[in-house]
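Only one structure is covered here, and it is reproduced in the block below.
The values are calculated or read from the model by the stated rules, or taken from the named source; none is laboratory data. Predicted model, so just to flag it, every value in this text is computed and none were measured. Cβ: placed from backbone, ideal geometry, glycine included. Neighbour counts: every protein chain shown. Just so you know, the surface numbers come from the protein's heavy atoms only, side chains and all, with ligands and any DNA or RNA stripped out. Shrake-Rupley method; radii C 1.70, N 1.55, O 1.52, S 1.80 Å.
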Amino acid sequence: MSDEGDISEEEARRIEEQLDREEEQDRRIRREWLRRRYRQSIPVVAGIFFTAAVLWALTGAILPFLKSSVFQESHPFTDLVQKINFAAQSVSYAGVFTLGGTLIVTHLTRRTQL
């Protein structure tokens with residue numbers, strides 16, 4: 001005799017399988033969403049690092065001329081160019097360290113998944 005709330009083993013197994021399929025589908029959707037976000041962020045980050053590298057190169061090329069010219073005394077424009085140079089250099093170094101760290105982590109995680 002079975003109560004109204006009881007379910008058969010077969011029905012319980014089917015419900016369990018359905019829940020497993022739904023969980024797997026949720027995981028796949030989340031992984032795909034993360035992949036898309038990652039792919040969309042790569043050009044933005046690359047653009048920031050490339051712009052910083054160009055700024056660093058330009059200000060690095062301009063600074064020697066500014067320091068040896070009429071602006072030899074502490075001129076606000078020379079100070080501004082020095083600050084931009086320092087900031088661009090910092091971002092460029094951060095980009096190199098981030099890229100290196102990402103490559104190392106990617107290599108190690110792929111290696112452990114094999």
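Details
- The calculated FRET efficiency for the pair D20 and T51, based on their C-beta separation and a Förster distance of 35 Å, comes to about 0.15.
- Solvent-accessible surface (1.4 angstrom probe) belonging to S41, in square angstrom, nearest 10: 50 Å²
- The chain, accessible surface, carbon-and-sulfur percent (1.4 angstrom probe): 63 percent
- This model, with +1 at the C-beta of Lys and Arg and -1 at the C-beta of Asp and Glu, gives the chain a dipole about its Cα centre of some 1400 debye.
- Rounded to the nearest 0.05, the FRET efficiency derived from the C-beta distance between K67 and V44 at R0 = 30 Å is 0.30.
- Degrees, to the nearest 10: 9-68 long Cα axis against longest axis of the chain: 0 degrees
- When T59, T51 are compared by accessible surface with a 1.4 Å probe, the order from highest to lowest is T51, T59.
- Quarter of Cα convex hull surface for the chain, i.e. mean projection, nm²: 13.4 nm²
- Counting only alpha carbon atoms, the long axis of helix 76-113 and the longest principal axis of the chain meet at about 30°.
- Segment D79-W33, extension gain: residue separation times 0.36 nm, minus the distance between their alpha carbons: 12.1 nm
- From helices alone, the chain scores -32000 deg cm²/dmol at 222 nm; the rule is -39500 (n - 2.57) for each run of n ≥ 4 DSSP H residues, then divide by the residue total.
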